[in-house]
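This report refers to the structure that appears directly beneath it.
Read the figures in this text as sums done on the coordinates, not as results from a lab. Predicted model, so just to flag it, every value in this text is computed and none were measured. With ideal geometry, Cβ positions are generated from the backbone for all residues, glycine too; neighbour counts draw on all protein chains shown.
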Amino acid sequence: MSHPIPFSVAQTETVITETRLQRLIRTGGAAPRFLQGVYPFAGRGAFDLGPLHDDLCYAVPPGAAAEVVYVRAGNLSDDLLYLALSVNGTPVRYFPVGPKSDFHVPLAIVESYPAGSRVEICVAAPRGLTGTVVVDVGIVEVRLTP
């Protein structure tokens with residue numbers, strides 16, 4: 001004859017953990033920032049990378065650092081293009097976007113950019129290609145303690 005195991009509240013408790021960034025946002029030590037929108041582009045050549053739009057630029061404020069945590073994009077044109085995450089005028093990550101395609105990349109390696117850094121989304125596409133790109137970039141602005 002089997003005996004039922006006595007019910008214990010401890011057996012039903014769930015342990016919930018949160019990431020460092022989730023804790024910082026919850027406690028006010030960080031805030032989400034987004035570079036997003038739908039923008040037209042005109043290709044100048046695959047090697048001619050340039051800013052997609054002025055709205056897709058973020059300056060890290062004094063007393064903070066910024067971390068780009070994901071990039072999402074969609075390409076409504078009929079040819080391949082690529083986006084680049086540029087910091088202070090230097091491309092640091094490249095994201096190819098196929099024709100009539102989209103992607104979502106949660107970044108596994110996240111760099112921290114100091115106050116004064118300029119984070120920008122750039123585009124390059126074949127010469128003469130015109131189209132529209134949808135962009136959503138998630139940034140966490142971390143407040144630094146003195």
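The residue among Gly45, Ala64, Val134 whose Cα reaches farthest toward the positive pole of the charge dipole of the range 9-143, with charges on the beta-carbon of Lys, Arg, Asp and Glu, is Ala64.
Specify which labelled value, from [x] 152; [y] 138; [z] 166, agrees with volume of the Cα convex hull per residue in Å³ derived from the coordinates of the model shown. Recomputing volume of the Cα convex hull per residue in Å³ here picks out [z].
In plain terms, the chain from Asp136 to Phe34 could stretch by 36.0 nm, reckoned as 0.36 nm per residue minus the Cα-Cα distance. Peptide packing: for 67-74, 88-95, the average count of neighbouring Cβ atoms within 10 Å per residue gives the ranking 67-74, 88-95, highest mean first.
Calculate, for Ala59 and Ala108, the FRET efficiency according to 1/(1 + (r/R0)^6) with r their C-beta to C-beta distance and R0 22 Å; round to the nearest 0.05. Walk me through the intermediate numbers first.
Values: r = 25 Å, r/R0 = 1.15.
Step by step, r from the Cβ atoms, then E = 0.30.
Between the range 84-146 and the range 26-66, the alpha-carbon centres lie 6 Å apart.
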